[in-house]
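S.K.: Would you mind keeping the following structure in view while I ask a few things?
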Amino acid sequence: MEHQLEDKWNRPLRDLRISVTDRCNFRCRYCMPAEIFGPDYEFLPKDHILTYEELTRLTRIFVSLGVKKIRVTGGEPLLRKDLPSFIHLLNRIEGVEDIAMTTNGVLLPKYAAELRAAGLKRVTVSLDSLNDQQFRLMNGGRSGVQAVLDGIEAAALAGLHVKINMVVQKGVNDSDILPMADYFREKKQILRFIEFMDVGNTNGWKWDQVVPKQQILSLIQEKVPLEPIDAHYAGEVASRYRYKGSDEEIGIISSVSDPFCGACSRARISAEGKLYTCLFASKGHDLRALLRSDQTDSEIETFIESVWKARTDRYSEERMLHSQSSPKIEMSHIGG
Ligand code: SAM
Ligand code: SF4
Ligand code: SF4
């Protein structure tokens, strides 16, 4: 029988985002600024990170509580050794309807075919500009544009369905909105604009660096008319738009200007095994301690169930009230 687990605002638990590493080969300023995530930064030691077996066991438990969709993320997930073997384990769990991954893309030429063979169907590749100099400025000088485009192509060739994520920051890459929209419309790939968010504690976020959804839409509409299209399912994070008279579409993830907490069905597990019920949470719930004690699956399930039942998170809808809030989990720990 379908499990009817719901939180305090009647939101079911449907999506699980799993961060497999806190490390990354990029240093995007809005996520892991190099001056903080420098050579002396202490990343998690190996034995603090959940093994694939532990993550698979947890996923099974989450699925029994209603989860249907899994997203693998990081840090950069493709830095974790033998990621395809993990995808394979996830793919064998009965009840999992969809497995996706978010990546910066540069390792896709190496792994795309293996990932597809292991059962991955969809990949979201992050790319913030088509201008090499601009892109390097944003990722801490770690990659040019072509390496990511090669990754996107490798993924498509391997049979993966590809979407592109672009974080938009005013005064940084807002002039890249139109070139990016044109390029991916031409390629018939879905580009999703993400409003710059106040995740973590280190990216110096300010309201005036956000380009709100309506501005992004107006900019594109001035050139090509768009029309809204229905969400694929309740709780979809991006609002979808189609270029009129075509099948090409874009998405906008407007967590700042038009939040969507009301339908948020996402739980997140950090690489060290903490459960977070919101992207902006300050505290996680230690699942690693439970996994590494003598707790049974059913005891762990009861614990997760109690956490979800008590959940009241709606950070984005209450953003104005949180100006003095306690430190938040870093994006590189839970992967967006
Ligand atoms: N390394 C992978 C990547 O970049 O795709 C996966 C992890 S990354 C944390 C997941 C997504 O979060 C990326 O699309 C990234 O652009 C987005 N992101 C990171 N920091 C952000 C911020 N401050 N505001 C909005 N999106 C952000
Ligand atoms: Fe790395 Fe992704 Fe964060 Fe950029 S957004 S630093 S690629 S984890
Ligand atoms: Fe979900 Fe928290 Fe984002 Fe709201 S702010 S949509 S509750 S993750």
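S.K.: Within a Cβ distance under 14 Å of residue 205, other residues only, what is the Lys/Arg minus Asp/Glu net charge? The partial results should precede the final answer.
M.R.: Numbers: positive: 29, 170, 206, 319, 328; negative: 195, 198, 208, 330.
Once positives and negatives cancel, what remains is +1.
S.K.: Continuing with the same structure: With contacts defined as alpha carbon pairs under 8 Å and 6 or more residues apart, what's the relative contact order of the range 15-334 in percent? Present the calculation step by step, with values, prior to reporting the outcome.
M.R.: Working: 595 pairs, mean separation 64.6, N = 320.
20 percent.
S.K.: Quick one: accessible area per residue over the range 257-305, 1.4 Å probe, rounded to a whole number of Å²? Present the calculation step by step, with values, prior to reporting the outcome.
M.R.: Numbers: 2040 Å² over 49 residues.
Here the residues of the range 257-305 average 42 Å² of exposed surface.
S.K.: So, one more: Which of these, 42, 227, 272, has the largest mean-square fluctuation under a Gaussian network model of the chain (Cα springs below 10 Å)?
M.R.: Result for the chain, Cα springs under 10 Å: 42 fluctuates most.
S.K.: Another one. Once the Cβ-Cβ distance between residue 205 and residue 110 is put in as r, and R0 is 30 Å, what FRET efficiency do you end up with, to the nearest 0.05?
M.R.: 0.35
S.K.: Once the other residues with Cβ under 14 Å from the Cβ of residue 223 are scored (Lys, Arg +1; Asp, Glu -1), what is the net sum?
M.R.: Summing Lys/Arg as +1 and Asp/Glu as -1 gives -2.
S.K.: Then there is this: Tell me the mean residue ellipticity at 222 nm calculated for the chain from its helices only (DSSP H runs of n ≥ 4, each -39500 (n - 2.57), averaged over every residue, nearest 500).
M.R.: On the way: 10 runs with 95 residues, N = 336.
Computed mean residue ellipticity for the chain: -8000 deg cm²/dmol.
S.K.: Using a cut-off of 15 Å between beta-carbons, work out the net charge of the residues near residue 239 (Lys and Arg +1, Asp and Glu -1, residue 239 not included).
M.R.: -1
S.K.: What list of ³J(HN,Hα) values in whole Hz, one per residue of the range 197-208 in order, does the Karplus curve 6.51 cos²θ - 1.76 cosθ + 1.60 (θ = phi - 60°) give from phi, with Gly and Pro shown as x?
M.R.: For the range 197-208, the Karplus-derived couplings read 10, 8, 6, x, 10, 10, 8, x, 4, 9, 3, 6 Hz, x marking Gly and Pro.
S.K.: Carbon and sulfur atoms: what percent of the 1.4 Å accessible area of the range 15-334 do they account for?
M.R.: Of the solvent-accessible surface of the range 15-334, carbon and sulfur hold 50 percent.
S.K.: Give me the extension gain from residue 263 to residue 91: residue separation times 0.36 nm, minus the current Cα-Cα distance, reported in nm with one decimal.
M.R.: 59.3 nm
S.K.: Highest first, please rank the peptides 184-194, 60-70, 305-315 by the mean number of other Cβ atoms sitting within 10 Å of their residues.
M.R.: Put in order of decreasing packing, that is 60-70, 184-194, 305-315.
The values are calculated or read from the model by the stated rules, or taken from the named source; none is laboratory data. Not measured: the values here are computed from a predicted model. Quick reminder, even Gly has a Cβ in these numbers, built from the backbone with ideal geometry, and neighbours come from all protein chains shown. To get the accessible areas, we keep the full protein, side chains included, count just its heavy atoms, and leave off ligands, DNA and RNA. Shrake-Rupley method; radii C 1.70, N 1.55, O 1.52, S 1.80 Å.
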